[in-house]
1. How large are Rg and Dmax for the stretch 50-151 when only the alpha carbon atoms are used, in Å?
2. In a shell of Cβ-Cβ distance under 12 Å around Q43, excluding Q43 itself, what net charge do Lys and Arg (+1) and Asp and Glu (-1) give?
3. Once the other residues with Cβ under 11 Å from the Cβ of G101 are scored (Lys, Arg +1; Asp, Glu -1), what is the net sum?
4. Once Rh is set to the Kirkwood radius over Cα pairs, what Stokes-Einstein translational diffusion coefficient, in µm²/s, holds for the stretch 34-78 at a temperature of 37 °C and a viscosity of 0.692 mPa s?
5. Using a 1.4 angstrom probe on heavy atoms only, work out the carbon and sulfur share of the accessible area of the stretch 42-174 in %.
Amino acid sequence: MPVSASSSTLPQILLLPDGGPQSHAEPWLARWQGLHGAVLLEQHDWQRPLRGDWSARLQETLVDAPAPVVLVASGLGCVLAAWWAAHSPAAAKVRGALLVGPVDVEQPALREQLPGWSPIALQRLPFPCILVGQANPAACSLERAQALAQAWGATYVAPDETAHDPTRDDWATGRTLLQTLLKDDKPW
């Protein structure tokens, strides 16, 4: 789905969900898409996420974007955003990124489940970003999330600071964090 410019001056919000067969339907991402007009980046294969294919899809979408974009990434989508930004001149179209619960694909168990996703790009991202840690050490320890935030030049927000329950709500705190990236008086 191409990214379209909205009638306002706000950039388009592009959602980069986690990998896996059901994760692209994460409740808060689905709500943001349905209620707030964010665009979900559809991938060709949710069952077998391949970094090269996912990066190419993100590249196509951003090259075709008629306006600036703000990325909202979850899990594997965070790793995708960092990898893509380190390799694409189209990253100049990105106004900011909200990175939620990155997955540490360099852990041995995850490296086996997600071949081809490591190493994680550790270059400073060329746009402002906020990284929200997650309380799931099997996916990424808080220490590793803090290290990724530092490498990417992101502001780190601890999971207990976000009042995040994506299974029950619209994650209002996440929308507030996103608003700081939008730097606009209009509420999102």
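1. 13.1, 40
2. Around Q43, the charge tally is -2.
3. Local charge sum for G101: -3.
4. Calculated translational D: 278 µm²/s.
5. Within the stretch 42-174, the accessible surface is 54 percent carbon and sulfur.
The values are calculated or read from the model by the stated rules, or taken from the named source; none is laboratory data. On a predicted model such as this, the values are computed, not experimentally measured, just so you know. FYI the Cβ positions are ideal-geometry reconstructions off the backbone, even for glycines, and counts take in every protein chain you see. Quick note on the areas: whole protein, heavy atoms, side chains included, nothing else; ligands and nucleic acids left out. Shrake-Rupley method; radii C 1.70, N 1.55, O 1.52, S 1.80 Å.
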